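Chemist: Starting off with a structure, shown below.
The values are calculated or read from the model by the stated rules, or taken from the named source; none is laboratory data. Being a predicted model, the structure only gives us computed values, none of them experimental. Because the Cβ atoms are built from the backbone with ideal geometry, glycine has one as well, and the counts that use them run over all protein chains shown. Note: accessible area is taken over every heavy atom of the protein model, side chains too, but ligands, DNA and RNA are not part of it. Shrake-Rupley method; radii C 1.70, N 1.55, O 1.52, S 1.80 Å.
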Amino acid sequence: MVRLGKTPISCTPCAKRKVRCDRLQPCCHCKRRPQDNCIYPEQTRTGSAAHDRPPDDASTRIEKLERYIRSLGGDPQQAGRPDQQTVEDPPGSQKTSASSSGSQHGSKQLPFHPKTSSLVTHNEEVTYIESPMWYSWSGTGQSDELQSTPKGAGQSPPAAKGASLVRTILDPRESADADSLASAVYLPSSYINIFWKTFVKNVDPLVKIFFRWEVEPIIQKARKDPSSLSSEERALVSSIMFIGISSLSGDECSRLLHDGKPQLMERYQLSAESALLLADYACTTHRLTLQAFMLYLLAMNCLARSPAMFALMGIASRIAERMGLHRDGDLLGLSVLRSEERRRMWWQLQFLEIAVARHVGSIPLSLFADWDAKLPSNLEDEDIAPDTKILPPERRKLTGISHCLWRYDILHTQREMRRAHGGDKGLAWLLSPRVSLAEKDAVLDQVETKLGTKYVRHCELLNPLHVLIQLGIGSYLLAARRTARQPALVNAELSEMSRRERDDMLDICTKLLDYSIMARTTESIRGFLWHDDNYFQWIGFVYVLLECHHRFDEAGVVDLWDLVGRLHEVHPQLKTAVDRNEVASVARITIAAWQRYAAHAQKQQQQQQGGTFEQPQWITELCQNFGFSLAAEAAPTAAAVDAETQEQEDASQLAGIDFDLDMFDWSIWEQVNKSAGPLSTSR
């Protein structure tokens with residue numbers, strides 16, 4: 001027997017089995033196992049075992065250390081540079097990793113603890129775990145970019161033996177429902193390419209929640225054999241088809257799909273909902289299912305009741321948080337492709353939630369949270385590939401995602417303002433009576449300059465998306481200045497505003513309506529109008545109507561009524577959506593204001609040249625559809641009636657509504673809209 005050197009060390013087979021070695025040659029364990037080769041690692045002159053690791057072990061250790069540094073927000077490739085922040089920087093410090101070199105939109109980062117925070121995956125579903133209790137279900141290995149876990153990892157713990165989970169309102173009630181849901185999913189292969197081209201042209205530039213080149217193979221797979229799709233792929237394709245139809249006009253539906261739009265919308269809404277249920281959308285953490293659900297919500301935002309949409313948005317937000325979309329992919333060590341995709345999804349969700357919340361008078365709580373997902377980069381889909389290691393520099397000019405980015409930029413600026421001022425300058429800052437109008441306008445001037453420099457100056461008039469960006473930014477700035485001039489949120493009386501304040505407000509609101517008319521009548525952006533319906537300027541429209549009432553005897557009121565008439569022509573829903581509370585309320589105010597103006601105009605015409613005052617066709621249609629009757633229609637001639645008294649009657653009483661046209665409670669429209677959705681296209 002040969003005794004080795006003084007340094008106690010196990011042979012390789014004993015070390016692998018983690019058993020005590022007697023350090024002989026051969027050792028006692030290897031004697032009993034002839035198949036084992038009793039070999040001892042060579043020692044260095046110092047006898048240090050740390051230096052005896054094979055090169056492969058050292059590489060693995062370096063790789064793990066680099067991944068750990070990235071999880072803390074650092075960049076191992078830039079280690080040692082004097083301007084590089086270390087992993088000891090306090091939580092919330094700004095860090096930009098090599099994989100995000102093209103993005104200049106750093107957000108305040110949350111503390112990240114790799115021992116209690118993890119992104120785990122199972123069957124392509126990704127779950128973000130940051131509770132120590134649930135982390136025990138995910139395993140502890142961190143060898144892959146997305147850690148693989150046993151079945152059930154990142155999900156609820158299994159029920160006790162003999163117990164069963166109770167179905168919720170979000171689950172199909174019977175097992176047989178799966179068959180009926182599957183039969184409701186309608187994926188006609190002959191039309192799938194039409195739907196995809198429509199989506200790419202009308203929807204994708206306004207949404208940008210995935211990379212087109214990554215979805216195109218799924219579309220082709222659906223075209224060849226829809227039955228080969230997974231449940232997640234089926235849900236995504238169904239939602240693409242549904243929102244594609246919502247972006248088409250009635251004539252386009254008849255020409256391309258050979259059916260009426262109402263019938264198509266009903267059929268494909270049912271198909272999308274059935275596919276989402278089959279994909280278990282309420283409990284999913286699969287990115288394709290969440291993307292499908294987001295597209296469904298975008299399509300339904302113009303159609304469903306606002307309270308219902310607000311509740312559905314809550315489900316989408318909880319899914320996103322379970323997937324860890326609120327945490328930037330750089331912190332989680334994800335690839336450039338997945339990090340950028342997650343940013344696109346998260347910011348679209350935040351913007352969509354604001355759009356939905358405004359119709360129920362709420363501000364999403366997630367906007368006040370310190371999530372750290374960075375803004376998406378101004379890049380084309382083709383700029384990023386699966387093997388991209390470093391995010392390319394952002395493009396200086398506009399790209400396919402620029403329409404989304406200018407809106408995200410505004411949201412990001414508001415969040416930064418709130419953080420910089422300790423919460424005093426948040427989303428409701430423009431309504432604050434403690435801030436002077438001059439200060440509000442100064443901030444809005446800065447925002448206008450920033451948007452003009454970054455976006456508007458790069459717009460080309462022949463590019464439809466660029467035209468939409470110009471109209472969108474112009475409308476936003478006008479709406480913001482209108483908000484800054486609101487006299488109060490409640491109990492605001494127009495008679496208490498100075499004439500100069502009212503003229504200023506009226507000028508802004510009329511420009512807002514002009515922008516809306518321009519958007520509806522510009523042929524090149526007709527395919528984007530499905531999205532425009534979400535942002536109809538109700539308050540600006542109502543203010544113009546109130547001024548029509550108060551200025552009934554002024555020369556300029558003729559132009560105001562011409563503007564209101566043109567708005568009704570490009571938004572026919574204002575005349576036909578009789579079952580929507582906000583439309584019916586505005587219709588009553590319109591008739592009340594018109595009644596007062598018509599009485600005065602008829603009197604003036606009779607006094608000057610005789611004849612009768614002609615009522616425009618859109619007023620006649622409004623009265624017929626909503627069941628209004630004008631008192632002037634049943635009244636005798638002006639010679640038999642004291643027209644002066646008629647002019648001074650309460651127009652709201654003439655219209656049969658209980659509304660004070662002097663006091664405008666700005667919050668009343670939030671209450672009206674709680675039971676209805678935004679202005680939408682009739683099915």
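Chemist: Quick one: how many residues across the stretch 556-585 are of a type in the set (A, V, I, L, M) and modelled with pLDDT under 90? Spell out how you get there, then give the answer.
Modeler: Restricting attention to the stretch 556-585, the residues satisfying the condition of being of a type in the set (A, V, I, L, M) are 557-558, 560, 563-564, 567, 570, 574, 577-578, 583-584.
Next, from what is left, pick out any that are modelled with pLDDT under 90: 577-578, 583-584.
Result for the stretch 556-585: 4.
Chemist: LEU278 fails exactly one of the following numbered conditions: (1) surrounded by fewer than 17 Cβ atoms within 10 Å (Cβ to Cβ); (2) closer than 23 Å to PRO217 by Cα. What is the number of that condition?
Modeler: So the condition that LEU278 fails would be (1).
Chemist: A further question follows. Having 1 or more residues that are free of Cβ contacts under 8 Å to residues at least 60 places away in the same chain, among the aromatic types (Phe, Trp, Tyr) and within 24 Å of ILE194 (Cβ to Cβ) is the bar; report the helices (runs of 4 or more DSSP H) wholly within the stretch 250-324 that clear it.
Modeler: 287-300
Chemist: Does SER475 meet the test of being of a type outside the set (Asp, Glu), touching a residue at least 60 places away in the same chain (Cβ under 8 Å), surrounded by fewer than 18 Cβ atoms within 10 Å (Cβ to Cβ) and assigned to a helix (DSSP H, G or I)? Lay out the reasoning, then the answer.
Modeler: Working: of a type outside the set (Asp, Glu): yes; touching a residue at least 60 places away in the same chain (Cβ under 8 Å): yes; surrounded by fewer than 18 Cβ atoms within 10 Å (Cβ to Cβ): no; assigned to a helix (DSSP H, G or I): yes.
No, not satisfied.
Chemist: Which ones in the stretch 220-247 are farther than 15 Å from ILE192 by Cβ and either part of a loop (DSSP other than H, G, I, E, B) or free of Cβ contacts under 8 Å to residues at least 60 places away in the same chain (or both)?
Modeler: SER230, SER231, SER247
Chemist: Let me ask something additional. Looking only at the stretch 483-515, count every residue that is surrounded by 13 or more Cβ atoms within 10 Å (Cβ to Cβ), in a loop (DSSP other than H, G, I, E, B) and either in contact with a Ser or Thr (Cβ under 6 Å, 6 or more places away or on another chain) or modelled with pLDDT of 95 or more (or both) and tell me the total.
Modeler: 1
Chemist: Answer with yes or no whether SER377 is of a type in the set (Ser, Thr, Tyr), part of a loop (DSSP other than H, G, I, E, B), more than 20 Å from THR127 (Cα to Cα) and touching a Phe, Trp or Tyr at 6+ places or on another chain (Cβ under 9 Å).
Modeler: No; evaluated as a whole, the condition is false for this residue.
Chemist: Looking for whichever is of a type outside the set (Ser, Thr, Tyr) and open to solvent by 70 Å² or more (accessible area, probe 1.4 Å) here; the options are PRO386, PRO364, PRO392, PRO376. Which one fits? Walk me through it before giving the result.
Modeler: Details: PRO364 fails: open to solvent by 70 Å² or more (accessible area, probe 1.4 Å); PRO392 fails: open to solvent by 70 Å² or more (accessible area, probe 1.4 Å); PRO376 fails: open to solvent by 70 Å² or more (accessible area, probe 1.4 Å).
After applying the criteria, what remains is PRO386.
Chemist: I'd like to know if the stretch 558-573 contains one or more residues that are basic (Lys, Arg), open to solvent by 30 Å² or more (accessible area, probe 1.4 Å) and farther than 25 Å from ARG526 by Cβ.
Modeler: Within the stretch 558-573 (the criterion being basic (Lys, Arg), open to solvent by 30 Å² or more (accessible area, probe 1.4 Å) and farther than 25 Å from ARG526 by Cβ), the answer is no, since none of the residues qualifies.
Chemist: Continuing with the same structure: Looking only at residues in the stretch 442-451 that are surrounded by 14 or more Cβ atoms within 10 Å (Cβ to Cβ) and of a type outside the set (Lys, Arg), which one is modelled with the lowest pLDDT?
Modeler: Applying the first criterion (surrounded by 14 or more Cβ atoms within 10 Å (Cβ to Cβ)) to the stretch 442-451 yields 443-444, 447-448, 450-451.
Still in the running and of a type outside the set (Lys, Arg): 443-444, 447-448, 451.
Details: VAL443: 89, LEU444: 92, VAL447: 92, GLU448: 95, LEU451: 95.
Ranking the candidates gives VAL443 first.
Chemist: Restricting to the stretch 200-211, and then to whatever is assigned to a helix (DSSP H, G or I) and under 18 Å from the mean Cα position of the chain (by Cα), can you tell me which residue is surrounded by the fewest Cβ atoms within 10 Å (Cβ to Cβ)? Give the steps one after another, and end with the answer.
Modeler: In the first step, residues of the stretch 200-211 are kept if they are assigned to a helix (DSSP H, G or I); the result is 200-207.
Okay, now just the ones that are also under 18 Å from the mean Cα position of the chain (by Cα), so 200, 202-207.
Details: VAL200: 17, ASN202: 23, VAL203: 22, ASP204: 20, PRO205: 21, LEU206: 20, VAL207: 21.
Top of the filtered list is VAL200.
Chemist: So, one more: Which residue out of GLU416, GLU340 is within 19 Å of the chain's Cα centre (by Cα), assigned to a helix (DSSP H, G or I) and buried (at least 17 other Cβ atoms within 10 Å of the Cβ)? Outline the logic, then answer.
Modeler: Working: GLU416 fails: buried (at least 17 other Cβ atoms within 10 Å of the Cβ).
Step by step, each of GLU416, GLU340 is checked, and only GLU340 is within 19 Å of the chain's Cα centre (by Cα), assigned to a helix (DSSP H, G or I) and buried (at least 17 other Cβ atoms within 10 Å of the Cβ).
Chemist: Still on this model: Just wondering, is there one or more residues in the stretch 133-156 that are in a helix (DSSP H, G or I) and at pLDDT 70 or above?
Modeler: Checked the stretch 133-156: no residue is in a helix (DSSP H, G or I) and at pLDDT 70 or above.
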